[in-house]
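K.L.:
What follows is a single structure, and I will ask about it in a moment.
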Amino acid sequence: MLKILKLILLLYFSFNFSYANEINTKVDQITKNLRCLICQGQSVYDSQSDFAVSMKLVVKNKIDEGKEEEEIYDYLKNKYGEWIVYEPELNQNTFLLWSIPLILFAFGGLLIIRKVSIK
Amino acid sequence: MSNYLGNYSLYIALIASVYLIFKSYLDANSENKYLDKNFILITSIQTIMITVSFFSLVAAFVISDFSNETVFNNSHTLKPLFYKVSGTWGNHEGSLLLWLLVLSIFLFIFLLNSRSQDTKYKLLTILFQQIIISGFLIFILLTSNPFKTLYPIPSEGLGLNPILQDPALAIHPPILYLGYVGTSIIFSASLASMISGNIGDKWARHIKKWVLLSWVFLTIGILLGSIWAYYELGWGGFWFWDPVENVSLMPWFCLTALLHTVIVLQKRNSFKEWTIILSITTFSLSMSGTFLVRSGILNSIHTFANDPSRGLFILSFLFILILMSILIFFFNQNKISNTAKENFILSKETAILVNNWFMMFFLSVVLVGTIYPIFLEVLNGSKISVGPPFYHNLLIPFLIPFLIFMSFGPSLKWIKDKLKKFNYNILIIFLVSLLISYVILTKTENSFLLSIPLIVLSIYLLLVTIKDFFVSRSSISQKISHFGFSLLITSILLNGLFSNEFNSNMKVGDERIFDEKVVKLKEVNVKDVDNYKSLKASFEVTNKNSSFALYPEVRIYQQPLTITSEADIKTTLFSDNFLVFNILKDDGYYNVRYQYKPLMIWIWISTIFIGFGGLLSVIRKNEQKY
Amino acid sequence: MSKNIKFLGLLLTLIIIFIILLKGLNVSKDYSNEKLKSKIDFSLNAKKLFSDEIINISDLFDKNSPSVVNIWASWCAPCREEHQFLMKLKDMNINIIGINYKDSPKNAKNFLYSLGNPYSEVITDNDGTKSIEFGAIGVPETFIISGKTNEIIKKYIGPLTSENLIEIKNLLEENA
């Protein structure tokens, strides 16, 4: 059951249109989704700190090695924890995060149907 | 001197508050027909005391009285006068005092403005509002007293964060607070009307002004915060989905829903309970905003002092208020005269329900995204980030049905509307918007699935709201706000779709070619200004046949040592050219970020339209029939 | 009846939220990946500071016992502070591998000449990418890495203190 829901949600979110257009290269796209861990609320892309500069290089090297976007995120999450990516992945911890708003939306829809007479 | 004055007037205000709480509670239970004159008198004394207290803090900032700890921590003699004054509310203690000031002034205005209302209702409103006021007074006096004194008196202050030295940010908190505090009046008044049983169309007409007013202030407050982020943070964005920004957006969604619902209550005398629930929720969200921001429980760009005892106090106070309102709601529910009316599917009532439905969904996304990380960390210790991709993924797809709905919902009639005969105007408008979108979309290589319907629909809605100025019978204020909203969505979408940028390390004399433009770094001038050292770069951007200059700046402040980047932005009606640079460690090289942002100015203008529509509705007394 | 259930449900939710937020107030807001025990990719190549020779980092680690890795730079003040403790570790016959982070070789060598060299080998990390492989955020950081599994056993973010020395010695013995 959970797996089916997860699949549906994944399909739904695979329209990843976040900032697609602004992004010229893959490195920019990935580093925009990474938190600069030593900055105040900046992404790696936006920051010029030592950490961010090295991180951009690491991402670039990984892409040159032929790594996929997801693999790079996994690699970094393994080193720095989920805190480093801005887009929380769908797993047991974040299942409710993604689904609560959708459940509420469905619930609201039911309430309206009950309140409104269709004639 | 001003320290004692400010401090003791707060104590007097607290005594007044306690007196008013007891007096209004006792009087509300007796059957007095008229409001005791003492209420106006004591409330004015309280308002005056809080005003005195506030201005003695302003005075301490203006004369740089460093015997005051708040002034010492947040001001500096070298600061321009304007920022000394705005420094009063640029810190935790002062901002709470401002909250309090607005709270008491609003109650005073409310009393003057509701002479014709039922006495018991007025007494109860005073009671609830004074409970809030006394809560804030105790909070300030116990945990955040702005009048703590220092001895020996330091000769110089610690300065204010230079990133906060910005005109938009100086007026942003007061405006936002007017919105937040306005919701406190709505909260107190709706609880009072629930108990006194006068909830209905007459009450709706009376409270609508406050709803509109709070909504206008909140809208403009959010706009100013966004303008500040765009011009000052220098990252070229106007909304980062940062928790502190989200916290101001949450009551906005709720208030927007309330704004529409209260009209149903006024015209059709229904949705009573829902109006009360929305009123309570809106205020709770405004208060939670204060809690989340002030307790330091959030991870945010915006730095505020972290003090768990403050967080504990606001949290407890917030929960007492919510608990109180839930109790009142459940034990007075039977007093609501249930005039349940049938809602037909094609009617303005249903349209407003659908509006509320979407607003609540948008609210839930922002709310869950903001507090989920806190919950997760407490419950199982994992720390996650919820950033822009989350909000975009959940919100943007829902814009499609929302835009469709908004193109016809507002023009439906009350009670029951009929399906009209096929309307050729609508078809023409739709075809025109298809054509415009086609032209727009061919200009961008990027085409991801959802951008096509979004662009088509936003342009369609824009054209429909323009058409409505000429044919629809709805009020002019509604037309302006709805037009503003469709313009906002269109601008944000096109801005997102066509924004373009490059990021490169350059030294003086370097050129970069970007998007048929040549960007050249001509020189960097260093000079000492007032309280900072300035590095001003001179860039030349050459287009095919025109060229313009941009002068971004890096400022190095000494007190405290902070480096800020001031972007230079060339704004035209069609686009912004945004340029910002940073110092790199390697000598001679600068990191340069150039961004092309189409229709940027329309994001601000359209938001002003949205707010202006609301303001017009407040001012115009005998508003429309529809 | 259903009204009462609604009321109680709402009340209960409220209390739960209150308790969670209350706990949230006391949770540290500081990010740290100190507890993450990730695996290090030993196939990395690196340049030695003193001989300019390029080696594979797996050569630096003893396959059978854990090693200490310290990331440092001559420009970093806390590194200067913790240096005396690294020297003490050396005196305790503990093998320390140094990673010199974004530094000029000249300054780095001078630093070691004047304060003593606690490291059995120092490799350079000019662009900071090797430190990221270790999951470092800044300098200084110290790691205890298992030679068998390539995993991080213990991580110290920031300068070492005298209390850490005994702990490090014990950890090395436990995992030997």
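K.L.:
Among the residues of the stretch A:105-118, is there at least one that is within 10 Å of chain B (Cβ to nearest Cβ), without any contact (Cβ under 8 Å) to a residue 24 or more places away in the chain, assigned to a loop (DSSP other than H, G, I, E, B) and polar (S, T, N, Q)?
P.N.:
no
K.L.:
Residue check: is residue C:127 assigned to a loop (DSSP other than H, G, I, E, B) and touching a helix residue (DSSP H, G or I) at 6+ places or on another chain (Cβ under 6 Å)? Please lay out each step first, then the result.
P.N.:
Working: assigned to a loop (DSSP other than H, G, I, E, B): yes; touching a helix residue (DSSP H, G or I) at 6+ places or on another chain (Cβ under 6 Å): yes.
Here the answer is yes, as residue C:127 does meet what is asked.
K.L.:
May I ask you to say which residue of B:379, B:457, B:449 is at pLDDT 85 or above, surrounded by fewer than 16 Cβ atoms within 10 Å (Cβ to Cβ) and within 30 Å of residue A:100 (Cα to Cα)?
P.N.:
B:379
K.L.:
Can you find a residue that is free of Cβ contacts under 8 Å to residues at least 40 places away in the same chain, more than 8 Å from every other protein chain (Cβ to nearest Cβ), within 28 Å of residue B:332 (Cβ to Cβ) and in a loop (DSSP other than H, G, I, E, B) anywhere in the stretch C:1-15?
P.N.:
Yes: one or more hits.
K.L.:
A follow-up question, please. Residue A:46 fails exactly one of the following numbered conditions: (1) more than 10 Å from chain B (Cβ to nearest Cβ); (2) in contact with a Cys (Cβ under 8 Å, 6 or more places away or on another chain). What is the number of that condition?
P.N.:
All conditions pass for residue A:46, except number (1).
K.L.:
A further question on this structure: Checking residue C:51 against (1) outside any strand (DSSP E or B); (2) crowded, with 21+ Cβ neighbours inside 10 Å: exactly one of these is not met. Which one?
P.N.:
(2) is the only condition that residue C:51 fails.
K.L.:
On to the next question. Please pick out the residue among B:278, B:292, B:318, B:298 that is in contact with a Ser or Thr (Cβ under 7 Å, 6 or more places away or on another chain) and modelled with pLDDT under 95.
P.N.:
On the way: B:278 fails: modelled with pLDDT under 95; B:292 fails: in contact with a Ser or Thr (Cβ under 7 Å, 6 or more places away or on another chain); B:298 fails: in contact with a Ser or Thr (Cβ under 7 Å, 6 or more places away or on another chain).
The conditions single out B:318.
K.L.:
Any residue in the stretch B:546-559 that is of a type outside the set (S, T, N, Q), under 26 Å from the mean Cα position of the chain (by Cα) and not in a strand (DSSP E or B)? Even if it seems obvious, please write down each step before you answer.
P.N.:
Our first condition is that a residue be of a type outside the set (S, T, N, Q); within the stretch B:546-559, this holds for B:548-557.
Restricting the remaining residues to those that are under 26 Å from the mean Cα position of the chain (by Cα) gives none.
No - not one qualifying residue is present in the stretch B:546-559.
K.L.:
Still on this structure, I have one more. For the condition surrounded by fewer than 20 Cβ atoms within 10 Å (Cβ to Cβ), under 26 Å from the mean Cα position of the chain (by Cα) and in a helix (DSSP H, G or I), what is the one hit in B:108, B:187, B:128?
P.N.:
Every option except B:108 fails the conditions.
K.L.:
Could you grab me the full set of residues in the stretch B:382-424 that are aromatic (Phe, Trp, Tyr) and modelled with pLDDT under 90?
P.N.:
Correct list: B:408, B:414, B:422, B:424.
K.L.:
Only one of C:168, C:144 is among the hydrophobic types (A, V, I, L, M, F, W, C) and either assigned to a strand (DSSP E or B) or on the phi > 0 side of the Ramachandran plot (or both); which?
P.N.:
Result of the check over C:168, C:144: C:144.
K.L.:
If I filter the stretch A:49-85 down to residues being among the β-branched types (Val, Ile, Thr) and more than 16 Å from the chain's Cα centre (by Cα), which single residue comes out as nearest to the other protein chains (Cβ to nearest Cβ)?
P.N.:
A:58
K.L.:
With (1) over 28 Å from the mean Cα position of the chain (by Cα); (2) modelled with pLDDT under 90 as the list, and residue B:41 as the residue in question, which single condition is left unmet?
P.N.:
Status for residue B:41: all satisfied but (2).
K.L.:
Applying the selection to the stretch C:123-172, what residues are over 9 Å from the mean Cα position of the chain (by Cα), within 24 Å of residue C:49 (Cβ to Cβ) and of a type in the set (Asp, Glu)?
P.N.:
C:125, C:127, C:133
K.L.:
Let me ask something else. Identify, by number, the condition in (1) at pLDDT below 90; (2) part of a helix (DSSP H, G or I) that residue B:90 doesn't meet.
P.N.:
Of everything listed in (1) at pLDDT below 90; (2) part of a helix (DSSP H, G or I), residue B:90 misses just condition (2).
K.L.:
Which number in (1) out of contact with any Gly (no Cβ under 7 Å at 6 or more places or on another chain); (2) under 30 Å from residue B:261 (Cβ atoms); (3) not assigned by TED's automatic domain parsing to the domain that holds residue B:236 marks the one condition that residue B:427 misses?
P.N.:
(2)
K.L.:
Does at least one position in the stretch B:459-474 carry a residue that is in contact with a His (Cβ under 9 Å, 6 or more places away or on another chain), in a helix (DSSP H, G or I) and either more than 30 Å from residue B:267 (Cα to Cα) or polar (S, T, N, Q) (or both)?
P.N.:
The answer is yes; a qualifying residue exists.
K.L.:
So, in the stretch A:54-104, of the ones that are closer than 21 Å to residue B:375 by Cβ and aromatic (Phe, Trp, Tyr), which residue ends up surrounded by the fewest Cβ atoms within 10 Å (Cβ to Cβ)?
P.N.:
Selected residue: A:95.
K.L.:
Right, something else. For the stretch C:82-91, check the following and say yes or no: at least one residue is surrounded by fewer than 18 Cβ atoms within 10 Å (Cβ to Cβ), more than 18 Å from the chain's Cα centre (by Cα) and not basic (Lys, Arg).
P.N.:
yes
K.L.:
Let me ask something else about it. Six or more apart or on different chains, Cβ under 7 Å: which pairs go from a residue in the stretch B:527-542 that's free of Cβ contacts under 8 Å to residues at least 12 places away in the same chain to one that's surrounded by 15 or more Cβ atoms within 10 Å (Cβ to Cβ) and of a type outside the set (A, V, I, L, M, F, W, C)? Could you list them?
P.N.:
Close Cβ pairs (under 7 Å, with a partner that is surrounded by 15 or more Cβ atoms within 10 Å (Cβ to Cβ) and of a type outside the set (A, V, I, L, M, F, W, C)) amount to B:527/B:534.
K.L.:
Turning to a different aspect of this structure: Does residue B:363 satisfy the condition of being surrounded by 21 or more Cβ atoms within 10 Å (Cβ to Cβ), in contact with a Phe, Trp or Tyr (Cβ under 7 Å, 6 or more places away or on another chain) and assigned to a helix (DSSP H, G or I)?
P.N.:
yes
K.L.:
While we're on this one: Residue under question is residue C:58, and the condition is that it be at pLDDT below 90 and surrounded by fewer than 18 Cβ atoms within 10 Å (Cβ to Cβ); does it hold?
P.N.:
yes
K.L.:
Has the stretch B:160-181 got any residue that is touching a helix residue (DSSP H, G or I) at 6+ places or on another chain (Cβ under 8 Å), buried (at least 23 other Cβ atoms within 10 Å of the Cβ), among the aromatic types (Phe, Trp, Tyr) and at pLDDT 95 or above?
P.N.:
So far as the stretch B:160-181 goes, no, none of its residues is touching a helix residue (DSSP H, G or I) at 6+ places or on another chain (Cβ under 8 Å), buried (at least 23 other Cβ atoms within 10 Å of the Cβ), among the aromatic types (Phe, Trp, Tyr) and at pLDDT 95 or above.
K.L.:
Confirm whether residue B:71 is in a helix (DSSP H, G or I), modelled with pLDDT of 95 or more, farther than 20 Å from residue B:121 by Cβ and under 32 Å from the mean Cα position of the chain (by Cα).
P.N.:
Spelling it out, it is not the case that residue B:71 is in a helix (DSSP H, G or I), modelled with pLDDT of 95 or more, farther than 20 Å from residue B:121 by Cβ and under 32 Å from the mean Cα position of the chain (by Cα).
K.L.:
Further, regarding this structure: List the helices (runs of 4 or more DSSP H) that sit entirely inside the stretch A:1-103 and contain at least 2 residues that are under 27 Å from residue C:135 (Cβ atoms) and at pLDDT 90 or above.
P.N.:
Answer list for the stretch A:1-103: A:26-32, A:50-64, A:69-80.
The values are calculated or read from the model by the stated rules, or taken from the named source; none is laboratory data. Because the structure is predicted, anything quoted here is derived from the model rather than measured. Please note: Cβ atoms are built from the backbone with ideal geometry, for glycine as well, and neighbour counts cover all protein chains shown.
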